[in-house]
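The values are calculated or read from the model by the stated rules, or taken from the named source; none is laboratory data. Please read all numbers here as calculations on a predicted model, not as lab measurements. Backbone-built Cβ (ideal geometry, glycine too); neighbour counts: all protein chains shown. Side chains included, ligands, DNA and RNA excluded: accessible areas come from the protein's heavy atoms. Shrake-Rupley method; radii C 1.70, N 1.55, O 1.52, S 1.80 Å.
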Amino acid sequence: MSDSKTTITVWIFALTLLAGLLVLPQLLSYSQREIAVFLIINVLLVVSYRLMTLTGEWSLGHVVIMGVGAYASALFSKRLGVPVPLSMFLGASTAGLTAVVLSFPLFRMKGFYFLIGSFAAGEVIRLIWKYFTFPFGGAKGLNLIPSFPDIGWISFFDPVNYYYLCLIVVSVSLFILYRVERSRFGLTFHALHWQDKLAESVGVNTFRYRMLAFTLASFFAGLSGALYAHYIGTVNPTRFDVEEMVYVLIWAIVGGTATFYGPIVGVVALTIVNDVLLRALGFDTIRPMIYGAVLIASVLFMPDGLESIFPKLKRLMMGRKTEPATKSEAGEIP
Amino acid sequence: MTQPILEVCDLSRNFGGLLAVNQLSFSVIPGTIHGIIGPNGAGKTTTFNVISGFYAPSSGHVTYLGKDISGIRTDRLAEIGLIRTFQGTTLFNEFSVIDNVRLGCHVSAKSGFLSRLLGADRESEAVATKKAEDLLAFFNLSDLRDEEASNLPHGHQRALGMAVALAADPKILLLDEPFTGMNPEETARMMTLTRDIRDRGITVMLVEHDMQAVMGLCDMITVMNFGSLLTEGTPKEVRTNPGVIEAYLGSAHHAS
Amino acid sequence: MSELILQTIVNSIYAASYMSLIAVGLVLIFGVMGVINFAHGELYMAGAYTVVALYSGLNLPFFVAVVVGMVFVGLLGLVMEYAFFRALRDNPLGGLIASIGFLLILQTVAVLGFGVRMAHIRPSTQEKIELFDGVLLTHQRLYVIVAAILLLTALYIFLRKTKFGWAMRACAQDTEAAALQGISLNQITRIAMFIGAGLAGVVGALTAPLVSPTPYMGHSIIVTAFIIIVVGGIGQLEGAVVAAILYAFVHTFVTTFFDGVVADMVGLVLMLLVLVVKPTGLFGANDRV
Ligand SMILES: Nc1ncnc2c1ncn2[C@@H]1O[C@H](COP(=O)(O)OP(=O)(O)OP(=O)(O)O)[C@@H](O)[C@H]1O
Ligand SMILES: [Mg+2]
């Protein structure tokens, strides 16, 4: 396929998707609209997580970082009276700054040690929220967080309007994340993953680039947290515990992390399965069990994630055999 | 006499109780090919690792361009033109051939965060791509431009490894056994290329077990044994040195 | 004051006992599978619920329930090995995720079988020893301490003196070398999984009357176990025991003299400090270029 033709396909695909996303809330029930809001927020969370994994390090603190954004934005607006849109940005920046600081101890570690180190750092932050009633509200957390101000007659109390707001913020964020990955930064992040010694030997400051990936990922995780906090109006330490982190991991892995769209596919598919199908069937108690079985099945039988289905589908539709997708395609939108 | 580009002074490095490099001193004249040889485990790779900043020296120091560089980080050394390759084939296996070399251009293709985001780095990236393509042509790899590095035959992978290193604009290039696993024709071609590299004004340091290649290429050779300096001299002097012959007879299979 | 200190030391010894059994099991599984078993806390929970079912429910003798719990949970370990760990041997992330899946399944089974509420279990004994003036050790806790000493000694002898133990250690150090020695990898893995899981089961069973089981009790124990194995250097059995003792003392003392949240925080910060100073744990090996 020629390059320009690929570009056109991508554009058609993107526009159809956008149109679909715009009409989506009109087709949903009220509670489903709420789910759609959270879904959009979670898309940002999991895509930002993937940026971090490009460098080869898997963090268990990402949801806590999201919480840092949520808490910070809530505190800026509630206690200091900062207007909500600005406080959201400040919240995201606080999350990014937290990552800068955490980089110094954490990037001395690698692999499993990093995983556990990031987990411990996250737990320390959560315990700080729990322990200090001022300003964090202790175990009960913060509530009555100011909501996003009305713009003219548009009230963001309505999930549909908040959905559109999130859609805009998240689309812009995803665009930035996508650009970062397609630039030399993305190449360098991948290089750190596969051969950090070689990267170092040609002049890559591995610490700086790991820190850059971590900070960017954290900024957008923090932004997703801020979007969350000002919608739901309350945050507490339990909302950002390791179980939530496990869900992010699951979305990323079931979707697959080799491509930009993999984690998005993962979070969308699993949210539909979890919040729509299983809930509709009334399987509330056994939901975790089904989730667990899906998880085991997907690592066993679909080791490259849901994303690996798409190249296969594409080949089927084109009706001829082409080369199977290789890892060098990582990060490409088909 | 010209100022040496690299000077190693009483350098030692130990791992626990093991003295891998012991009171080693030598200096490298700019514009030469300088060989380091010695039996397996003599400490050659460790010497490279210390010079290139992967390990800190236990004692002694390394001077590069008149500056003490002992203990400076690898990437900082790369920025000022001290580049090394690795003993095993070390590449970004999952990258295409061209992306491997493009990554090698890291230092010269520096650009700010915003300019990358806005695509204002297009020009410097085009320069980097051009440089990478030229290097592929130099190593005769142009046809494999978009191949995944891990799919290349071994000899080509070694050549690609050198291309990546050259992309980083070395002033001095440390090659760790660049010819292992190559057939005689490949070795001969790589030897010519190595001379070309030197003739471009890049100083080359070379660790190699292929004696024919070492003797044919090097202007100066340092011989190591058990971590220490055994002798130093031109290929001719080294070849006839009784100590060297003895050291190599100790590990007979290298004598040929 | 000195009474309180002595009592806290006794409590620390109890905590060290169950923590080291859990951590050693986790390390054992890691050694042969190269996978961190996230479901280890739920294996512990399964052990506790065996006691709920057999001892509270069917009125079987306490120790019968404990032994059945150990064997049952050991078998659960074999199920895990057979169902996914074997297929995911060289895939640490995949193994981790699969074990998270298994954790969710075990939790749901517990909820379906026993409900989400705490299960209160009558103590199997009311007896206690007065070690010093006012310093008490209940028999219920003593069982745990004795079990830890016996089981860890037995494990040590097994690993040092038997052919299987020798093979298992070889396998933990270098799977390929072990395979070259003609050792059946699968057999070793199964034994290690059985022992590792069984240890978690026996701790759950023995401590069940002391902790009031819930389906979610595994969570805090796995966090503790992670800290311990990281501080000990992942894959180091002796390291795990030493780290467990260290952690138990620090955590118990801080809990007694400050409070639980501070104790958790101190534990985590200590672990971070260890990792910053020595990024591969206290007893871990350094990596080479
Ligand atoms: N990181 C390390 N930790 C412990 N010992 C090491 C380390 N690196 C090297 N050694 C030891 O130092 C000694 C010298 O090794 P080195 O790799 O420098 O030898 P070499 O001359 O490059 O050998 P070869 O010709 O086989 O490549 C060897 O005994 C080796 O085992
Ligand atoms: Mg070597």
For the stretch A:108-118, give me the residue count where each residue is hydrophobic (A, V, I, L, M, F, W, C) and facing chain C (nearest Cβ under 7 Å). 3
When the stretch B:178-187 is examined, which residues are found to be open to solvent by 40 Å² or more (accessible area, probe 1.4 Å) and within 16 Å of ligand 1 (Cβ to nearest atom)? B:180, B:181
With criteria (1) under 22 Å from residue A:174 (Cβ atoms); (2) touching a helix residue (DSSP H, G or I) at 6+ places or on another chain (Cβ under 9 Å), residue A:104 comes up short on (1)
Per the filter on the stretch C:122-142, residues open to solvent by 80 Å² or more (accessible area, probe 1.4 Å), in a loop (DSSP other than H, G, I, E, B) and either within 14 Å of chain A (Cβ to nearest Cβ) or under 30 Å from residue C:59 (Cβ atoms) (or both) are C:122, C:126, C:127
For residue A:101: the one exception among (1) free of Cβ contacts under 8 Å to residues at least 12 places away in the same chain; (2) outside any helix (DSSP H, G or I): (2)
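Tell me, which residue of the stretch B:67-81 that is of a type outside the set (S, T, N, Q) and touching an Asp or Glu at 6+ places or on another chain (Cβ under 9 Å) is farthest from the other protein chains (Cβ to nearest Cβ)?
Pass one, the stretch B:67-81, residues of a type outside the set (S, T, N, Q): B:67-69, B:71-73, B:75-81.
Now restrict to residues that are touching an Asp or Glu at 6+ places or on another chain (Cβ under 9 Å): B:73, B:75, B:78, B:81.
Details: B:73: 8, B:75: 5, B:78: 4, B:81: 10 Å.
Here the answer is B:81.
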Would you point out which residue out of B:205, B:190 is crowded, with 20+ Cβ neighbours inside 10 Å, within 16 Å of ligand 1 (Cβ to nearest atom) and not acidic (Asp, Glu)? B:205
Would you be able to say whether some residue in the stretch B:163-176 is open to solvent by less than 10 Å² (accessible area, probe 1.4 Å), closer than 25 Å to residue B:12 by Cβ, in contact with an Asp or Glu (Cβ under 8 Å, 6 or more places away or on another chain) and not aliphatic (A, V, I, L, M)? no
Can you find a residue in the stretch B:4-21 that is touching a strand residue (DSSP E or B) at 6+ places or on another chain (Cβ under 8 Å), within 11 Å of ligand 2 (Cβ to nearest atom) and on the phi > 0 side of the Ramachandran plot? no
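Go through the stretch B:1-116 and tell me which helices (runs of 4 or more DSSP H), entirely inside it, have 2 or more residues that are within 16 Å of ligand 1 (Cβ to nearest atom).
Helices (runs of 4 or more DSSP H) meeting the threshold: B:44-51.
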The lone exception for residue B:21 - which of (1) open to solvent by less than 10 Å² (accessible area, probe 1.4 Å); (2) of a type outside the set (D, E, K, R); (3) more than 23 Å from residue B:166 (Cβ to Cβ); (4) facing another protein chain (nearest Cβ under 8 Å) it fails: (4)
Among the numbered conditions (1) modelled with pLDDT of 95 or more; (2) within 21 Å of residue A:246 (Cβ to Cβ), tell me where residue A:56 comes up short. (1)
Scan (1) open to solvent by less than 60 Å² (accessible area, probe 1.4 Å); (2) within 19 Å of residue B:85 (Cα to Cα); (3) not polar (S, T, N, Q) for the single condition residue B:154 breaks and write down its number. (1)
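Kindly indicate whether residue B:84 is among the charged types (D, E, K, R), touching a residue at least 40 places away in the same chain (Cβ under 8 Å), closer than 25 Å to residue B:238 by Cα and within 14 Å of chain A (Cβ to nearest Cβ). Give the derivation first.
On the way: among the charged types (D, E, K, R): yes; touching a residue at least 40 places away in the same chain (Cβ under 8 Å): yes; closer than 25 Å to residue B:238 by Cα: yes; within 14 Å of chain A (Cβ to nearest Cβ): yes.
Answer is yes for this residue.
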Hey, can you tell me all the residues within the stretch A:119-130 that are within 7 Å of another protein chain (Cβ to nearest Cβ) and open to solvent by 40 Å² or more (accessible area, probe 1.4 Å)? A:130
Could you tell me whether any residue of the stretch B:51-62 is within 12 Å of chain A (Cβ to nearest Cβ), in contact with an Asp or Glu (Cβ under 9 Å, 6 or more places away or on another chain) and open to solvent by 10 Å² or more (accessible area, probe 1.4 Å)? yes
Turns out the helices (runs of 4 or more DSSP H) fully within the stretch C:27-121 with at least 2 residues that are away from every other protein chain (no Cβ under 14 Å) are C:40-51, C:62-80
Taking the stretch A:247-280 and the residues there that are surrounded by fewer than 19 Cβ atoms within 10 Å (Cβ to Cβ), within 14 Å of another protein chain (Cβ to nearest Cβ) and among the aliphatic types (A, V, I, L, M), the one that is nearest to the chain's Cα centre (by Cα) would be A:273
Have a look at B:223, B:204 and point out the one that is assigned to a strand (DSSP E or B) and under 16 Å from residue B:39 (Cβ atoms). B:223
Looking at the stretch A:178-205, which of its residues are closer than 18 Å to residue A:92 by Cβ and crowded, with 20+ Cβ neighbours inside 10 Å? A:180
In the list A:112, A:148, which residue meets the criterion of being over 22 Å from residue C:228 (Cβ atoms) and open to solvent by 20 Å² or more (accessible area, probe 1.4 Å)? A:148
Restricting the stretch B:165-182 to residues that are more than 16 Å from ligand 2 (Cβ to nearest atom) and within 18 Å of residue B:207 (Cα to Cα), the one modelled with the lowest pLDDT turns out to be B:182
The stretch B:89-116, residues that are surrounded by fewer than 16 Cβ atoms within 10 Å (Cβ to Cβ) and either at the interface with chain A (Cβ under 10 Å from one of its Cβ atoms) or touching a Lys or Arg at 6+ places or on another chain (Cβ under 8 Å) (or both): B:108, B:110, B:113, B:115
Which one of these does residue C:212 not meet: (1) surrounded by fewer than 18 Cβ atoms within 10 Å (Cβ to Cβ); (2) within 14 Å of another protein chain (Cβ to nearest Cβ); (3) within 28 Å of residue C:6 (Cβ to Cβ)? (2)
Taking the condition open to solvent by 10 Å² or more (accessible area, probe 1.4 Å) and outside the structural domain of residue B:47 (by TED's automatic domain parsing), does residue B:216 pass? no
